[in-house]
1. What distance in nm lies between label points placed 7 Å from Cα along the C-beta direction at Lys20 and Asp6?
2. In the neighborhood of Ile23, defined by Cβ-to-Cβ distances under 13 Å, what is the net charge if each Lys or Arg adds +1 and each Asp or Glu adds -1?
3. Name the residues whose placed amide hydrogens come within less than 5 Å of the amide hydrogen of Asn29, ignoring near sequence neighbours (fewer than 5 apart) on the same chain.
Amino acid sequence: MCMVGDVPEFNMENIEMDLKEYICLDCENKFKGLGKSVICPACKSSNIEMVSAEK
Ligand SMILES: [Zn+2]
């Protein structure tokens, strides 16, 4: 039950750091993406722009 072992690649903190907010310029859908080749999940467009995460 208490198996909190090694999790080599799925480190929650790293995932959150890489998670950026994008907006699709084609359908204006806002979504969170990760990595270099992000596409819009709604229309599959790669015509997207990163939204600056200032709060
Ligand atoms: Zn879209």
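Values quoted throughout were computed directly from the atomic coordinates according to the rules given, and no laboratory measurement underlies them. In this text, all values refer to a predicted model and were calculated from it rather than measured experimentally. Quick reminder, even Gly has a Cβ in these numbers, built from the backbone with ideal geometry, and neighbours come from all protein chains shown.
1. It works out to 3.1 nm between the two label points.
2. -1
3. For Asn29, the qualifying residues are Cys24.
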